[in-house]
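The values are calculated or read from the model by the stated rules, or taken from the named source; none is laboratory data. What you see is a predicted model, and the numbers here were worked out from it, not measured in a lab. A quick note on method: Cβ atoms are made from the backbone with ideal geometry, for glycine too, and the neighbour counts reach across all protein chains shown. To get the accessible areas, we keep the full protein, side chains included, count just its heavy atoms, and leave off ligands, DNA and RNA. Shrake-Rupley method; radii C 1.70, N 1.55, O 1.52, S 1.80 Å.
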Amino acid sequence: MKFMLTKFVVVWIILLNAFISFAQGDKQSQNVNFVPIGKLSGEVFDLRTSKPIEYSNVVIYNSKDSSLINGTITNPSGLFGFEKLPFGRMYVKISYIGYKTELIDSVIINPKNNEINIGKIYLETSTFNLDEVVVASERDMMVNNLDKKIINVEKNITSAGGTAVDVMQNIPSVSVDVDGAVSLRGNKNVTILIDGRPNGLESIGSGDLLNQIPASSIESIELVTNPSAKYDPEGTAGIINIVLKKRTNIGLNGIISANAGTGDKYNSSLNFNLRQYPFNFFASYDGRVGNMTGTGTTNRLTSIGGVSSSLFQNQNDKNLMMTHNANTGFDYSINDYNTLTLSMQYRRFAMENDVTVNNLTYNSSDIITRNFTRLSGGERAVDFRNYTLSYKKTFDSKGEEFTADFMFNDIDMNFSQEITQNEFEAGGAVSQIQQRTFSKNENQMLILQSNYKRPFEGLGTLETGFKTTFRKLLMKSDYENFDAVSSIWLYDPLSRNYFKNDEQIHAVYATFAGVFAGLKYQTGLRAEQTTINGKQEVNNISYTKDYLSFYPSLHLVKEFADQNEIQLSYSRRVNRPHPRSINPVVDYTDSLNITQGNPYLDPEFVNSYELGYSKYWGASSFSSNLFYKLTNGLIGNYSELEPSGITRTTFLNLSKGTSYGIELTGNHSILQWWKMNANLSYFNSEVTGPNFSNDNFSWMAKLNSTMTIWDNIMVQLMLNYNSPMVMSQSITKEVFTADLALRKEFWEGKLSLLLRVSDLFNTQKYDIETTGNGFVINSYRKRDSQNIFFGITYRLDATQKMRERNTRTDGDMENY
C-alpha cells in the first residue's frame, strides 16, 4: 500500500503522455515556426461619464473558426495593447460587468497594416448574465465561481501600507486573533496558499506567515470553503489562497510606494516588470520595520480537593518586527504553445521582543502565597527561500493545457531567549533564577506536480493530475541554567528538545465538469497515500503513520431566469496533526501553564456540505449559503489542572465536532458614488470531548462603505464585529473594530496619496475564557492597534506612452 500512489503517478504520466500525443497528432508542428509580428491597441471608456474603465476584458478571436488568439485587461487609463499577433482576419470583444459587450468585427492584420489602433471604445451600461457572476463592477467586491469565491482587494485602501493580516481582517467570514492566526467561520484549521501553491511555512504559524506578505503585493483573496478534488484536502475549514500581483502589460511597468505610521511603523515597496516578447521579467521588494506594544492579564481560579486558590498575571510586551521580501523571475515564451517560468523568492522575518510578567498567587483567605516576576528577552529570525520552475503547454484546441511545476522551499528559523525570574520572599528577600534557550528549526519541502485539462465538445471538461510532496522538519532546542556560585552557564540535557518529522504525500486526482439538462456540475475524486515518520530523541519516542485516503467532491449549479442561481456542493477534507501538536517534549516557557504534544494523534476528517442561492440585478447582488460540517476525530486543546497547581495543556482527538450556519452577502450602489458591501455569518459550533461538551451560536458581520467624492477622492470605512465563539474548552469574547481610509489620485491615477486610521475607536482586544475540571481561566490581551498611516504611491506605465504615440489606422484593411 505504501508505494501504491507512487505507482499510480508513474502510470498516470505514461498514459497522459500517450493520450496527449494521440489527441494532438501533428497540429502543433504546423505552427511551431510561425512568428507573429502584428500589434493592436485601443482605449475603453464609459459612454455616459466618458471616464476610462479599468480591468475591462479585451479578447481577440480568429474570424475563421472563433478560436481564442489572446486576451488582456485595460489599465487604470482604460488602455490595452497586444503584440506578436498573427496575420489574418479577427474580431475583438470588449466587455465589463454591468456594460453591454462591444464587438469590433473584421479587424485585419497584414504586412501593410501590422500596427492597428482601434481608437476609443465606449461601453454602454446594462444588466448582465455571465458564467462567472461578479457581485459588483468594482474589483474590490466578490466573484462567485463554481467552487470558490474571489475577493478582489487591490482597491481596499483600509489595508494599504499593512500586511496580509490587515487584508484578512476585512475578508468575509474570516477572523484574525491577536497573534495573526486566521479562522474561517470560527475554525482555525485553514490551509493558506500563495498563488495556489503551499508556502512551506506551516511550522512558524499563520501569524508570522501573513506578517511577511505586504498588502500592496496582493491582488485578490480566494475563499474555497468546499474545495474540489483538484485541491489538497488539508484544512477542514477550507482554503484561503493569496493571489499576488504579477503585471503582464507590455513595456516597462511598475509601482513605487512608501508608508509611515504612528508608533514607529514604516514600509516601502517596489514592484516592476518588463515585458518584451518572448520574455517577461518581474521583480519586487518590500521592506518594513514596526514597533508593537501590548498588555495582557490572566486570572485563574482553581479548586483542588475543596481548597481554592487564584493566580493573577499581568503582562507587558514590546516587539520590534523587521521584514524583507524580495521576488524575481521571468516568463519565457518558447513559442505560441510553450512557456517556461522561473522564479526565486527570499523572505526574512525578524523580531525582537521583551516581555515582563508579574505573577501573584493567593490562597482562599486572599493571602499572597507566591510573588515572582518573569523577564524574558528574545530574538527570532526566519529565512525563507523558494525556487519554482513551471512549464505550461497550450494546444490548438481551446481550453486544453498541460502544466508541470517543480517547487523547493528551504526555511530556517533561529530563536534565542534569556529569562530572568525574581522570586520575592517574605521579609523582602529576592532569589533569582536565570535561563536561556537556543532553538533552530529547519524545514525543507519539495513538490512535484502536473495537471492536464481537456475540453470535450458537447460533453464537458476533464482535468486530471498528480502531486508528490516531500517535507522534512527538524526542531532543535537547547537550554542552559546560570549557576550563581560559579558564575557560569550550565547545559541542561534533560530539557533539550530534538524532534524530527518526515512526511511524504503522493496524490492523484480527476475532475469532470459539464452541463446536463441545464445543470452545471463538477465531480471529482482524489486519492492520497500519506506516510509520516517522527522521532523525539530526548525520550526516544518514535511514531509512524501510513494510510491511504480518498476525497470525493461534487459541485452543482442551477441557473434560472432573472439572474438567479442555486449552488450545492460536498467535499471531504482532512487535518493532519501539526508537528508542534505531536512533539511530546514539555514546553516550560510559562512555568505555571505548560504544554505538551501528543505523538499518537490521528488525523481528523470532515464531511462538508453547502447550499447557496444568489440573485443579481444590475450592479447589485445578494447571496446566501447554508453550510454543515461534521468532523470525526476532531483535534483540540485539552487542559487539566495538576495537584501542584500547574495547568497542563495537550492535544487530543476529541469525539467529534459539528458546525452549521448561514452566510449572507449583499452589495448595493446606494448612489452612483456610494457603494456598500455587507456580510453576515451566523453559525453554531459544537465540540464534544472527554468530560466536557461545548457549543455556542456565534456570528460575525462586516460592512464595507466606499464613497468616491469630489475629484478622484475615495473614502472607505470598514466595520468588523465578531461575537463570542467556541474553541474546544474556550470561548472568545466579542471583538469590534473599525478602519477608515482616504485616498486622493493625481495625474490620471499615476500618483496617489493615502491617509489611513486603523482601529478607529481603539476597541480591538482579545478576551478568552477557558474552563476545565477544577479551574476557570480568563485571559485578556490588547495591542497598540490604533495607528495613523500616511502613504504615497507612484505608478510607472511606459506602455501608455507607447500607445499614445500610435495613431488609428483605417482604410486599407484587406484580407491577407
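Remark: pairs (first residue in the range 437-448, within 14 Å of R380 (Cα to Cα); second residue in a strand (DSSP E or B) and open to solvent by 70 Å² or more (accessible area, probe 1.4 Å); Cβ separation under 7 Å; 6+ apart in sequence or on different chains) = S439/K476; K440/K476.
Screening the range 76-115 for residues that are surrounded by fewer than 16 Cβ atoms within 10 Å (Cβ to Cβ) and under 16 Å from V58 (Cα atoms) and picking the one that is modelled with the highest pLDDT gives K93. Among residues of the range 259-282 being crowded, with 16+ Cβ neighbours inside 10 Å and of a type in the set (G, A, S), the one that is farthest from L755 (Cα to Cα) is S269.
Taking each residue of the range 547-567 that is in contact (Cβ under 8 Å) with a residue 60 or more places away in the chain and open to solvent by less than 30 Å² (accessible area, probe 1.4 Å) and looking for partners that are in a loop (DSSP other than H, G, I, E, B) and among the small types (G, A, S) with beta-carbon atoms closer than 9 Å, six or more apart or interchain, yields Y551/A229; S553/S228; S553/A229; H555/S228.
If you go through the range 766-780, how many residues are outside any strand (DSSP E or B) and open to solvent by 60 Å² or more (accessible area, probe 1.4 Å)? Even if it seems obvious, please write down each step before you answer.
Our first condition is that a residue be outside any strand (DSSP E or B); within the range 766-780, this holds for 773-774.
Right, trim to open to solvent by 60 Å² or more (accessible area, probe 1.4 Å) and you get 773.
Count: 1.
Kindly indicate the residue of the range 383-407 that is among the β-branched types (V, I, T) and at pLDDT 90 or above and also least open to solvent (accessible area, probe 1.4 Å) among those meeting that condition. Please lay out each step first, then the result.
Applying the first criterion (among the β-branched types (V, I, T)) to the range 383-407 yields 388, 394, 403.
Narrowing further to those that are at pLDDT 90 or above: 388, 403.
Numbers: T388: 9, T403: 28 Å².
In this case the residue turns out to be T388.
Checking the structure you have, find out if any residue of the range 606-615 is open to solvent by 20 Å² or more (accessible area, probe 1.4 Å), over 25 Å from the mean Cα position of the chain (by Cα) and either at pLDDT below 80 or on the phi > 0 side of the Ramachandran plot (or both). So far as the range 606-615 goes, no, none of its residues is open to solvent by 20 Å² or more (accessible area, probe 1.4 Å), over 25 Å from the mean Cα position of the chain (by Cα) and either at pLDDT below 80 or on the phi > 0 side of the Ramachandran plot (or both). Pairs meeting the criteria (first residue in the range 77-94 and closer than 18 Å to K112 by Cβ, second residue small (G, A, S), beta carbons under 7 Å, at least 6 apart or on different chains) are L85/G38; P86/G38; F87/G38; R89/S63; R89/S106; M90/S63.
Condition check ((1) within 28 Å of I239 (Cβ to Cβ); (2) within 27 Å of the chain's Cα centre (by Cα); (3) among the basic types (K, R); (4) at pLDDT below 85) across all residues:
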site	(1), (2), (3), (4)
S549	yes, yes, no, no
V557	yes, yes, no, no
N564	yes, no, no, yes
R572	yes, yes, yes, no
S581	yes, yes, no, yes
D587	no, no, no, yes
Q596	no, no, no, yes
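Elements of the type strands (runs of 3 or more DSSP E) sitting completely within the range 487-565 and holding at least 3 residues that are of a type in the set (S, T, N, Q) and touching a strand residue (DSSP E or B) at 6+ places or on another chain (Cβ under 6 Å): these cover 497-516, 519-536, 541-560.
In the range 416-467, how many are in a strand (DSSP E or B), among the charged types (D, E, K, R) and farther than 21 Å from N497 by Cα? Here the count works out to 5. Among residues of the range 639-665 being out of contact with any Lys or Arg (no Cβ under 8 Å at 6 or more places or on another chain) and not in a strand (DSSP E or B), the one that is surrounded by the fewest Cβ atoms within 10 Å (Cβ to Cβ) is P643. Please verify whether D366 is outside any strand (DSSP E or B) and open to solvent by 50 Å² or more (accessible area, probe 1.4 Å), treating the condition exactly as stated. Taking the combined requirement at face value, the residue satisfies it. Looking at the range 274-310, which of its residues are over 30 Å from G263 (Cα atoms), among the basic types (K, R) and touching a residue at least 40 places away in the same chain (Cβ under 8 Å)? R300 - this is the single residue of the range 274-310 that is over 30 Å from G263 (Cα atoms), among the basic types (K, R) and touching a residue at least 40 places away in the same chain (Cβ under 8 Å).
Just one of the listed residues (T323, T341, T373, T328) is under 25 Å from G645 (Cα atoms), in a strand (DSSP E or B) and touching a residue at least 24 places away in the same chain (Cβ under 8 Å), namely T373. Restricting the range 781-807 to residues that are aliphatic (A, V, I, L, M) and part of a helix (DSSP H, G or I), which is modelled with the lowest pLDDT? For the range 781-807, the residue satisfying everything is M802. Every condition in (1) over 22 Å from the mean Cα position of the chain (by Cα); (2) buried (at least 17 other Cβ atoms within 10 Å of the Cβ) holds for R576 except the one numbered (1).
D336 satisfies every condition listed in (1) in contact (Cβ under 8 Å) with a residue 60 or more places away in the chain; (2) within 33 Å of the chain's Cα centre (by Cα); (3) open to solvent by less than 30 Å² (accessible area, probe 1.4 Å) except (3).
Could you tell me whether any residue of the range 218-230 is at pLDDT below 75 and either open to solvent by 20 Å² or more (accessible area, probe 1.4 Å) or within 25 Å of F349 (Cβ to Cβ) (or both)? Walk me through it before giving the result.
We begin by selecting, within the range 218-230, every residue at pLDDT below 75; these are none.
Within the range 218-230, none of the residues are at pLDDT below 75 and either open to solvent by 20 Å² or more (accessible area, probe 1.4 Å) or within 25 Å of F349 (Cβ to Cβ) (or both).
Out of the range 66-75, which residues are closer than 17 Å to R275 by Cβ and touching a residue at least 40 places away in the same chain (Cβ under 8 Å)? Talk me through it step by step, then tell me what you get.
Quick first cut of the range 66-75, residues closer than 17 Å to R275 by Cβ only: 70-75.
Across the range 66-75, the qualifying residues are T72, N75.
For the range 633-655, the criterion of being more than 30 Å from V307 (Cβ to Cβ) and either modelled with pLDDT of 85 or more or among the charged types (D, E, K, R) (or both) is met by none of the residues.
Regarding G263, is this residue over 30 Å from T468 (Cα atoms), touching an Asp or Glu at 6+ places or on another chain (Cβ under 7 Å) and at pLDDT 85 or above? Yes; evaluated as a whole, the condition is true for this residue. Taken over the range 43-73, residues that are of a type in the set (S, T, N, Q) and under 14 Å from E102 (Cα atoms) amount to 2. Can you spot a residue in the range 352-363 that is buried (at least 18 other Cβ atoms within 10 Å of the Cβ), more than 32 Å from the chain's Cα centre (by Cα) and of a type outside the set (S, T, Y)? The answer is yes; a qualifying residue exists.
Limited to the range 481-505, what total is found for residues that are over 30 Å from L448 (Cα atoms), open to solvent by less than 40 Å² (accessible area, probe 1.4 Å) and modelled with pLDDT of 85 or more? Looking only at that region, the number is 1.
Considering the range 37-60 alone, what residues qualify as being under 24 Å from N335 (Cβ atoms), modelled with pLDDT under 85 and surrounded by fewer than 19 Cβ atoms within 10 Å (Cβ to Cβ)? If you could, list the steps in order and put the result at the bottom.
Step one: list which residues in the range 37-60 are under 24 Å from N335 (Cβ atoms), which gives 37-41, 58-60.
Add one more test, that the residue is modelled with pLDDT under 85, and what stays is 37-38.
Listed by number, the list holds a single entry, I37.
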